[in-house]
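First comes the structure, then the notes that go with it.
The values are calculated or read from the model by the stated rules, or taken from the named source; none is laboratory data. All values derive from a computational prediction rather than experimental measurement. With ideal geometry, Cβ positions are generated from the backbone for all residues, glycine too; neighbour counts draw on all protein chains shown. Heads up: the accessible areas ignore ligands, DNA and RNA and are worked out on the full protein's heavy atoms, side chains in. Shrake-Rupley method; radii C 1.70, N 1.55, O 1.52, S 1.80 Å.
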Amino acid sequence: MQASDIAASGPAAMKPRLEAASPRYGEKITIALLAACAAISVITTTAIVISLLVPSVEFFGDVPIKDFLFGTDWGPTFTPPTFGVLPIVVGTLSITLWSLVFAIPIGIASALYLSEYASRRVRRIVKPVLEVLAGVPTVAFGFFALVFITPQIQKFWPGFLGDEPGIFSALAGGLAIGLLIVPIIATVSEDAMSAVPNGLREGAYALGATKSKVAARVVLPAALSGVVAGIILAASRAIGETMVVLLAAGNTPNLTLNPTEPIQAMTAFIATTATGDIATGSITYKTVFAVAMLLFVMTLLMNVLSIRIVRRYREVYE
Amino acid sequence: MSELTEERFRERAEAPGNDAGDGTSAAAGGSISVQPDEFHHARDIGELEKVFELESLSVSYAGVPAVKEVSMDIYKNEVTALIGPSGCGKSTLIRCLNRMNDLVPTAEVTGRLLYHGEDLYGPKVDPVQVRKLIGMVFQKPNPFPKSIYENVAFGPRILGMKGDMDEIVEKALRGAALWDEVKDRLDSNAFGMSGGQQQRLCIARCIAVEPDVILMDEPCSALDPISTGKIEDLMMELKREFSIVIVTHNMQQAARVSDRTAFLMVELDATEQNRWGRIVEYDATEKIFTNPGDPRTEDYVSGKVG
């Protein structure tokens, strides 16, 4: 319909125009582009799972899954090879445990300090520094652990704890990764604490609560879901960390929770085994995929578990 | 509502040392008028114990004055209302009384504020200790994201109060006229309650620590008229045990609940850049609303301005 038609036929016959003026191809192209970008990460994840799954399934054709998961002897590159994955799973868990033991209290304490005690000026300086610390290349952390943390541990090792750790130890690796993940826990927790409504703090102060009571009994519980989210993020980072464990904790499969001994983590095994001279289709090749698959399942389970924990314990405020 | 209210009024009339309304106002409780049929007759000042004595108290934020030179006495077991237009410093003033302003780093208080004769801003006074004695209920209900029980038990727990916690919680909830509504769901989250219930929970939380004074900063401004009525009834009960200071922008509320009313107004400086609150008149509520001494008060309470 033409505009002139409306004018000619007068107001009584006027029909408003309701159709779009153009087909608006630009709009459709925009939507398609955005959806394609969003699809990339979904496709990538699916591709990774499939590429892990295929060689893993082949691997379990050669090695019974029971022997893999519960065997305590790990030597897939030896002759004869052994495929009990427990030593390196425990190695990974040990590193993660020690790093969290170190990082959770320090991370939460830093977050409480920044959110509840620090002046605005201090917060403006410290928070970006923490975020930079989280971005330091991990190989630098690994080297730092090797040349600084390990010698300090050896120097100040209290004799009553037994033999001092050697050049590689789960403790040194755990401490270095702990340093690496403190900023993650601190910044994510601090965001959650700052989001706690001021009215809750005032309500507690008005009852005669001290600052520390307000922080520990009101702010921390109200921010708990955010704090747990930060811890999970940090734990996933610790489980997946490679360079630091390789440099600080060694590369020796060792079924132990003793932090003074060297260990091999799953990531370290993958990084040192999956090199260029590995024969495609060999059992060693397939082992790498099986370990990677297991690592993937472990982090997935942890994420699912964490979501349930957060749902169960969080305090909802409006 | 009127039956319940009437009973309360009778109780109040019979209570020793309390000569509030005689019940006739409650019987006519249905009528909506600007002024209550019967004011609480403020007693003669001579026979009253002073809780607070303010002597030219001024508050500023980062050097900018918010309230200037307030002088007034606040009496025990009375409801004292602070009224006035927005920005006249009512909230600032009430937050001085339990040193909540200390939490604002730039706040500065000058002048004198005596609490039972002691300087509340004296060098040895601990604001945490002050707030144990002088509780506060806020404009927006702010229950903790915990169960109803834990909300009430919070104060007694952090203060290490002795006694059976179940009893303390029940007593406080009864005191806030909330027990019958929540006794079967003490473990459910406080956010599941209505706004009015949440505010009464905040009052219960406050009285659980057995304060001496309750400060209320526009406690009903976020509530509907029925919830507001319940809280007003509650205040009549509470003043037998506590002294209450209430900030309200609702003049009818001040007229209904308070014994004494202070009217504050905004003042501008010559450049009209800076504004602060100043007290215009402070007297028995009945006088403020029926025969104010200052024409500005009369304009405000009669609704001509503000």
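Laid out as a table, the results:
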quantity: Within region A:196-220, considering residues that are within 21 Å of residue B:198 (Cα to Cα) and in a loop (DSSP other than H, G, I, E, B), the one farthest from the other protein chains (Cβ to nearest Cβ); calculated: A:196
quantity: Unique residue being under 24 Å from residue A:275 (Cβ atoms), surrounded by 19 or more Cβ atoms within 10 Å (Cβ to Cβ) and within 22 Å of the chain's Cα centre (by Cα) when the list is A:48, A:88, A:104; calculated: A:88
quantity: Yes/no for residue A:189 being within 14 Å of chain B (Cβ to nearest Cβ), in a helix (DSSP H, G or I), more than 30 Å from residue A:77 (Cβ to Cβ) and of a type in the set (Ser, Thr, Tyr); calculated: no
quantity: Yes/no for residue A:177 being of a type in the set (A, V, I, L, M), assigned to a helix (DSSP H, G or I) and buried (at least 21 other Cβ atoms within 10 Å of the Cβ); calculated: yes
quantity: Residue among B:155, B:122, B:117, B:84 that is surrounded by fewer than 22 Cβ atoms within 10 Å (Cβ to Cβ), farther than 12 Å from residue B:52 by Cβ and either without any contact (Cβ under 8 Å) to a residue 60 or more places away in the chain or away from every other protein chain (no Cβ under 14 Å) (or both); calculated: B:122
quantity: Lone unmet requirement of (1) open to solvent by 60 Å² or more (accessible area, probe 1.4 Å); (2) farther than 27 Å from residue B:82 by Cβ; (3) more than 22 Å from the chain's Cα centre (by Cα) for residue B:161; calculated: (1)
quantity: Region B:87-114 - residue that is open to solvent by 20 Å² or more (accessible area, probe 1.4 Å), assigned to a strand (DSSP E or B) and of a type outside the set (Val, Ile, Thr) and, of those, nearest to the other protein chains (Cβ to nearest Cβ); calculated: B:107
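Let's see how each residue does on (1) assigned to a helix (DSSP H, G or I); (2) within 11 Å of the chain's Cα centre (by Cα); (3) surrounded by 23 or more Cβ atoms within 10 Å (Cβ to Cβ):
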residue	(1), (2), (3)
B:201	yes, no, yes
B:205	yes, no, yes
B:211	no, no, yes
B:215	no, yes, yes
B:223	no, no, no
B:234	yes, no, no
B:241	no, no, no
B:246	no, yes, yes
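Residue-wise test of (1) under 16 Å from residue A:209 (Cα atoms); (2) within 12 Å of another protein chain (Cβ to nearest Cβ).
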{"position": "B:189", "(1), (2)": "no, yes"}
{"position": "B:200", "(1), (2)": "no, no"}
{"position": "B:205", "(1), (2)": "yes, yes"}
{"position": "B:209", "(1), (2)": "yes, yes"}
{"position": "B:219", "(1), (2)": "no, no"}
{"position": "B:227", "(1), (2)": "no, no"}
